[in-house]
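Accompanying notes for the structure given below.
The values are calculated or read from the model by the stated rules, or taken from the named source; none is laboratory data. Predicted, not measured: the structure shown is a model, and the values here were computed from it. Cβ atoms come from the backbone with ideal geometry, glycine included; neighbour counts cover every protein chain shown. We work out accessible area using only protein heavy atoms, side chains counted, and drop any ligands, DNA or RNA first. Shrake-Rupley method; radii C 1.70, N 1.55, O 1.52, S 1.80 Å.
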Amino acid sequence: MTALGSPSLEPDPAHPGLRFRRPEERDHARVVGVIPAWWALPGTANLGLLLPRLFLQHFADTSTVVEDGDGDLAAFLIGFRSASQPGVAYIHFIGVRPDLRATGLARTLYERFFAAMRASGCHRVGAITGPGNAASQRFHRAMGFDSSGDTEIEGVLAWRDYDGPGEHRVVFTRPL
């Protein structure tokens, strides 16, 4: 058990000094608090609203928080198995502290999630991002995701009004 009482996960030799654990409800403020600074994209000031506390209440067993040696938030992945499509998993949010990007930490979080979902019987994983988030799109493609959409928005194929009027999304899927 960690200092917060959450079960520790296996350490990763590629990321010495980082502790991987399951999130707890009390992590919510910390996680949503970093989203605007970590994304630093136009229109992301309210992005944390897309991650309500219920995700840490109900999907902690399939999500991960990563802390550095000082206990500061280093990264997180919030994901879950679909209740209505048992063979499908979904990555709802991922964040890596800017000074830890390009270290393979996001890839490690995704690969751990893929392995756990595969072991639970899932055969596919999905994710979404905004049409303007080119870095996320590149990352997902590098991780083996295919994207889809119904129209070109900001130069990429995306689904118009996917999350409501004006809330267009690039939809990613990847077999496991």
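Starting from the Cα gyration tensor of the range 61-148, take the square roots of the eigenvalues, sort them a ≥ b ≥ c, and report rounded, prolate or oblate (rounded when a/c is under 1.5, otherwise prolate if a/b is larger than b/c, else oblate). Don't skip to the answer; put the middle values down first.
Working: a/c = 2.07, a/b = 1.26, b/c = 1.64.
Verdict is oblate for the range 61-148.
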### Message
At 222 nm, what value in deg cm²/dmol follows for the chain if DSSP H runs of at least 4 each add -39500 (n - 2.57) and the sum is divided by all its residues, to the nearest 500?
### Response
-7000 deg cm²/dmol
### Task
Using a 10 Å cut-off on Cβ atoms, rank the peptides 134-141, 123-130, 70-77 from the highest mean neighbour count down.
123-130, 70-77, 134-141
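Just check the range 100-154 against the gyration tensor rule for me: Cα atoms, a ≥ b ≥ c as the square roots of the eigenvalues, rounded for a/c under 1.5, and otherwise prolate or oblate depending on whether a/b exceeds b/c.
Details: a/c = 3.26, a/b = 1.35, b/c = 2.42.
Oblate is the answer for the range 100-154, as a/c is 1.5 or above yet b/c matches or exceeds a/b.
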### Query
How would Arg21, Arg53 line up by accessible area, probe 1.4 Å, largest first?
Arg53, Arg21
### Task
Excluding Asp150 itself, calculate the net charge of residues whose Cβ lies under 13 Å from the Cβ of Asp150, where each Lys or Arg counts +1 and each Asp or Glu counts -1.
0
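How large, in percent, is the carbon and sulfur part of the accessible surface of the chain at a probe radius of 1.4 Å?
Summing carbon and sulfur atoms, their accessible area is 55 percent of the total for the chain.
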#### Entry: Equivalent ellipsoid semi-axes, the chain, via Cα gyration tensor eigenvalues times 5, rooted, Å
26, 19, 16
### Query
So, in nm, how far is label Ser8 from label Asp150 when the simple model puts each one 7 Å beyond its Cα toward the Cβ?
4.9 nm
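How many Å² of accessible area per residue for the chain, probe 1.4 Å?
Details: 8880 Å² over 176 residues.
Result: 50 Å² of accessible area for each residue.
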### Rounded accessible area of Val96 (nearest 10 Å², 1.4 Å probe)
20 Å²
### Task
Go through the range 8-17 residue by residue and turn each phi into a ³J(HN,Hα) via Karplus (6.51, -1.76, 1.60, θ = phi - 60°); whole Hz please, and just put x for glycine and proline.
6, 9, 4, x, 10, x, 6, 10, x, x
#### Entry: Top positive-direction residue, dipole computed over the chain with Cβ charges, set Thr173, Asn133, Leu157
Thr173
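Give the calculated FRET efficiency between Arg124 and Asp99 to the nearest 0.05, with a Förster radius of 35 Å applied to their Cβ-Cβ distance. List each step's numbers first, then the result.
Numbers: r = 33 Å, r/R0 = 0.94.
For R0 = 35 Å, the calculated efficiency reads 0.60.
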